[in-house]
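In what follows, a single structure is set out as structure tokens and then discussed.
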Amino acid sequence: MKVGFIGLGHMGSRMATNLVKAGHDVTVFNRTPGKGASLALLGAHEAADLADACNGSAVISMLADDKAASDIALAPGGIVDRLPKGAIHVSMSTLSVLLSRRLALAHEKAGQRYVAAPVFGRPDMAAAAKLFIVTAGNSAAVDECQPLFQALGQKTTPIGAEPWMANLVKLSGNFLLASAIEAMGEAVALVSKAGIVPRAYVDFLTESLFTAPAYKTYGALIAEGRFEPAAFAAPLGHKDIRLALAAAEGLRVPMPLASLLNDRFLRLLANGGDHLDWAAIGGLASQDAGAMKPRGRRTRPK
């Protein structure tokens with residue numbers, strides 16, 4: 001399949017690599033020049049500009065936030081302006097419900113198709129083509145993109161006909177992950193303050209009561225206080241909680257736990273945690289209890 005790929009960050013570069021390895025004709029573009037060089041060695045085409053990445057039957061975007069996605073897709077000369085009629089824009093970014101609605105409408109007016117396909121998984125899962133993909137949009141367009149999804153993930157789940165539905169599922173999922181991180185952090189703070197070895201405690205939990213990968217991954221990070229290098233940076237986690245709260249407000253759904261998580265992220269970021277993995281909110285309870293000293297870079301007073 002001839003496809004463009006826009007956004008070569010921690011996730012995007014690994015996803016684009018798997019598309020090339022699967023035999024797709026991939027043209028890559030990143031706003032910061034030079035990031036496509038390693039992919040070009042594998043056989044990808046490095047686009048000189050955004051238009052070059054929009055010449056195929058589909059273009060995938062994997063961008064950090066609403067602003068980046070809006071700038072790439074909706075600004076003059078962006079995806080909507082450059083994509084051929086009938087072609088598909090697959091947004092695999094974690095976006096707000098509001099922006100997803102705007103993108104769907106803009107593509108419809110331009111005679112194009114839009115599919116939201118956000119992913120669950122960290123960079124190691126992206127590299128192994130083991131992402132979980134949630135899709136929503138026109139069913140025919142989703143079906144056409146199945147060869148792409150098969151090259152990227154271990155399971156693809158259609159969730160609805162309106163693209164924003166997939167974005168809401170993604171935001172709700174990240175809310176649940178952040179909730180688990182906070183809960184594990186508080187539990188680890190409790191037992192470690194009493195003298196129990198955090199790693200032994202987490203190993204017991206993840207081999208008995210909580211065997212899901214999320215608990216294993218984040219429990220280990222919390223037990224070890226290992227929050228850098230960041231696979232998913234704290235500001236991005238905070239962004240997703242704020243987007244979940246915005247969606248909840250629009251639907252008049254109280255989410256008191258999400259409000260607490262927003263405050264926890266603010267606490268982390270206010271104390272210089274921007275460079276840390278979002279799992280670092282799970283270390284706050286131990287810091288507050290005096291059971292663990294925060295790790296990471298320190299800024300010395302000038």
| Pair list, Cβ under 8 Å, 6 or more apart: the range 74-93 residue assigned by TED's automatic domain parsing to the domain that holds A51 and in contact (Cβ under 8 Å) with a residue 12 or more places away in the chain, other residue among the basic types (K, R) and not in a loop (DSSP other than H, G, I, E, B) | L74/R102; G86/R113; A87/R113; I88/R113; H89/R113
| query | On the given criteria, is D124 under 21 Å from A231 (Cβ atoms), modelled with pLDDT of 95 or more and not assigned by TED's automatic domain parsing to the domain that holds L257? | reply | yes
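So that you can scan it fast, the table gives a plain yes or no per residue for (1) in contact (Cβ under 8 Å) with a residue 12 or more places away in the chain; (2) out of contact with any Lys or Arg (no Cβ under 8 Å at 6 or more places or on another chain); (3) not in a helix (DSSP H, G or I):
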{"residue": "F5", "(1), (2), (3)": "yes, yes, yes"}
{"residue": "L8", "(1), (2), (3)": "yes, no, yes"}
{"residue": "M11", "(1), (2), (3)": "yes, yes, no"}
{"residue": "K35", "(1), (2), (3)": "yes, yes, yes"}
{"residue": "S38", "(1), (2), (3)": "yes, yes, no"}
{"residue": "A51", "(1), (2), (3)": "yes, no, no"}
{"residue": "L63", "(1), (2), (3)": "yes, yes, yes"}
{"residue": "D71", "(1), (2), (3)": "no, yes, no"}
{"residue": "A106", "(1), (2), (3)": "yes, yes, no"}
| request: Go over the candidates V197, V119, V142, V188 one by one and state the one that is in contact (Cβ under 8 Å) with a residue 12 or more places away in the chain, of a type in the set (A, V, I, L, M, F, W, C) and farther than 17 Å from V59 by Cβ. | output: V188
| task | Kindly indicate whether any position in the range 205-224 is under 12 Å from I281 (Cβ atoms), of a type in the set (G, A, S), within 19 Å of the chain's Cα centre (by Cα) and assigned by TED's automatic domain parsing to the domain that holds A280. | result | no
| field | Filter pass, G185 being surrounded by fewer than 20 Cβ atoms within 10 Å (Cβ to Cβ) and not charged (D, E, K, R) | value | no
| task | Those residues that are crowded, with 20+ Cβ neighbours inside 10 Å and part of a loop (DSSP other than H, G, I, E, B), I need them from the range 233-276; list them, please. | result | L276
| Quick one: is G137 farther than 11 Å from E162 by Cβ, among the small types (G, A, S) and either within 16 Å of the chain's Cα centre (by Cα) or not assigned by TED's automatic domain parsing to the domain that holds D240 (or both)? | no
| Residue list for the range 207-232, filter: in a helix (DSSP H, G or I), among the charged types (D, E, K, R) and out of contact with any helix residue (DSSP H, G or I) (no Cβ under 6 Å at 6 or more places or on another chain) | E224
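The values are calculated or read from the model by the stated rules, or taken from the named source; none is laboratory data. Please read all numbers here as calculations on a predicted model, not as lab measurements. Cβ coordinates were reconstructed from backbone atoms using ideal geometry, including for glycine residues, and neighbour counts include every protein chain displayed.
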